[in-house]
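Each value in this text was obtained by applying a stated rule to the coordinates, not by laboratory testing. Since this is a predicted model, take the numbers as computed values, not measurements. Note: ideal-geometry Cβ built from the backbone for every residue, glycine included; neighbour counts use all protein chains shown.
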Amino acid sequence: MKAMILSGCGLLSVQPRPLSLVDIDTPKPTDNELLIRVSACGVCHTELDEIEGRLTPPHLPVILGHQVVGRVAECGKNVQRFRTDERVGVGWIYHSNGLPDENLSPQFAGTGYDVNGGYAEFMTVPETYAAQIPDNLTDTQAAPLMCAGAIGYRAIRLTGMRDGDPLGLMGFGGSGHLVLPTAKHLFPNSSVYVFTRGRSGQQFARDLGADWAGDIDSTPPETVQAIIDTTPAWKPVVESLKKLRHGGRLVINAIRKEEEEDKHELLNLSYHEHLWMEREIKSVANLTHADIVEFLPLAALIPLRPEVTTYRLDQANEALCDLRFGRIKGAKVLVMETIT
Ligand SMILES: [Zn+2]
């Protein structure tokens with residue numbers, strides 16, 4: 001099979017073609033695994049972290065990609081829940097202990113990180129961690145939902161908010177624009193306020209149903225019960241806490257915060273202004289299989305339709321550079337059928 005492999009880490013600004021196209025043996029599913037013929041695989045910021053060495057994969061070479069959609073090509077002999085040709089998806093969780101907090105377990109294995117992922121024509125996955133894709137989502141629409149969408153859903157759950165509670169979204173990129181319609185669907189009586197830089201981003205938020213949009217340091221019409229922060233910076237943390245109601249919760253949905261850029265902003269943290277009165281901070285780590293299984297039918301029902309730009313498998317380096325340097329808006333998805 002054809003695959004794009006990562007053999008060494010480095011900055012994309014120095015080495016803009018970190019992945020190589022190779023022809024390798026198609027993996028064989030074990031007794032409890034599915035072999036998936038991949039049709040689409042989303043390109044995620046986490047892959048940039050893997051390539052640039054901020055989240056170095058434990059073994060190299062590795063095949064990246066954890067927003068995978070395809071069809072079952074072969075079932076291991078103990079597989080019970082899936083049949084050949086069924087459409088399935090795989091997200092960041094490749095394997096864990098199956099408990100409700102499996103996202104926090106040392107047994108957690110990440111797709112396209114600990115094990116080979118979806119930048120390839122085929123991949124294997126334990127059947128327990130494959131999810132059915134609803135019929136009314138296309139392969140390319142479903143792919144970005146497997147990570148940004150499903151983790152956004154987890155972040156909404158972790159706010160603990162109830163219908164009618166006002167919600168803030170700090171940052172409005174690939175995740176935020178999926179969280180907004182999801183939150184509006186789950187909590188129809190809640191106002192959603194979006195904090196993002198730039199007029200065009202703010203207008204985009206209003207077009208998608210935000211009740212208000214402004215800069216990250218501006219004051220919303222009311223204080224909010226919860227804020228989901230999807231930015232890589234520290235200033236938004238301080239700004240978010242300022243906008244919370246007493247007893248409110250800030251949920252940080254970012255794998256990492258830039259350590260260098262603006263960490264000094266934390267010196268502006270005032271106990272009385274930002275934390276006093278039982279305001280909380282909670283992070284989101286990974287996701288569980290249940291998050292994906294609950295989220296996909298919800299996404300189909302809403303319906304969520306991510307804006308997608310497609311690339312061939314052998315154009316994965318271009319897709320990664322477009323994501324890294326912000327050249328093309330919307331989710332980037334590799335599509336396998338078109339490779340020659
Ligand atoms: Zn991801």
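Taking 0.36 nm per residue of separation and subtracting the current Cα-Cα distance, fully stretching the chain between R17 and E261 would add 85.2 nm. Annotation: peptides 137-145, 245-253, ranked by per-residue average of other Cβ atoms within 10 Å with the highest first, follow the order 137-145, 245-253. Here the label points at R54 and R83, each 7 Å from Cα along the C-beta direction, are separated by 4.5 nm in the simple model. Note on the chain: with charges restricted to the Cβ of Lys and Arg (+1) and Asp and Glu (-1), its dipole about the Cα centre is near 440 debye. Cβ crowding within 10 Å, taken as a proxy for footprinting-reagent exposure, orders E33, E294 from fewest neighbours to most as E294, E33.
The charge dipole of segment 37-155, taken about its Cα centre with unit charges on the Cβ of Lys, Arg, Asp and Glu (plus for the first two, minus for the last two), comes to roughly 260 debye. For segment 149-283, a crude dipole built from +1 on the beta carbon of Lys and Arg and -1 on the beta carbon of Asp and Glu, taken about the Cα centre, is about 380 debye to the nearest 20.
Is segment 151-247 rounded, prolate or oblate when judged by the Cα gyration tensor, a ≥ b ≥ c being the square roots of its eigenvalues, rounded requiring a/c under 1.5 and prolate requiring a/b larger than b/c? Because its axes are fairly even, with a/c under 1.5, segment 151-247 counts as rounded. Please check which bits of segment 273-314 a label hung off D101 would reach, taking the label as a point 7 Å along Cα-to-C-beta and the cut-off as backbone N under 13 Å. Correct set: 285. Ordering L12, V251, Q202 by the projection of their Cα atoms onto the charge dipole of the chain, which places +1 on the Cβ of Lys and Arg and -1 on the Cβ of Asp and Glu, puts Q202 at the extreme positive end. At full extension, Q203 and E278 could sit 23.7 nm farther apart than now, given 0.36 nm per residue minus the alpha carbon distance. Taking 0.36 nm per residue of separation and subtracting the current Cα-Cα distance, fully stretching the chain between N189 and D314 would add 40.4 nm. Between H185, H66, H177, the residue with the greatest mean-square fluctuation in the GNM of the chain (Cα pairs under 10 Å linked by springs) is H185. Return the loop-located chymotrypsin sites (Phe, Trp or Tyr not before Pro) in segment 225-302 (DSSP other than H, G, I, E, B) with at most 13 other Cβ atoms within 10 Å of their own Cβ; answer none if there are none. Here the chymotrypsin sites (Phe, Trp or Tyr not before Pro) that fit, given the DSSP loop and packing criteria, are W276. FRET efficiency for the N268 to M1 pair, using the beta carbon distance and R₀ = 51 Å, is estimated at 0.45.
Taking a ≥ b ≥ c as the square roots of the eigenvalues of the alpha-carbon gyration tensor, segment 251-340 is classed oblate because a/c is 1.5 or more while a/b is no larger than b/c. Cross-link pairs exceeding 24 Å between alpha carbons, from the set K242/K329; K242/K263; K2/K329; K2/K28; K263/K329; K184/K243: K242/K329; K2/K329; K263/K329. When the square roots of the Cα gyration tensor eigenvalues are ordered a ≥ b ≥ c, the ratio a/c for segment 1-129 is 1.5 or more and a/b does not exceed b/c, which makes its shape oblate.
Connecting C-alpha atoms closer than 10 Å in a GNM of the chain, tell me which of K184, K282, K263 has the biggest fluctuation. Answer for the Gaussian network model of the chain: K263. A dipole drawn for segment 149-283 from +1 and -1 charges on Cβ atoms has a positive end, and of P221, Y271, M161 the residue lying farthest that way is M161. Out of the trypsin sites (Lys or Arg not before Pro) in segment 70-136, which ones are loop residues according to DSSP with at most 11 other C-beta atoms within 10 Å? Passing both the DSSP loop test and the Cβ count: K77, R83.
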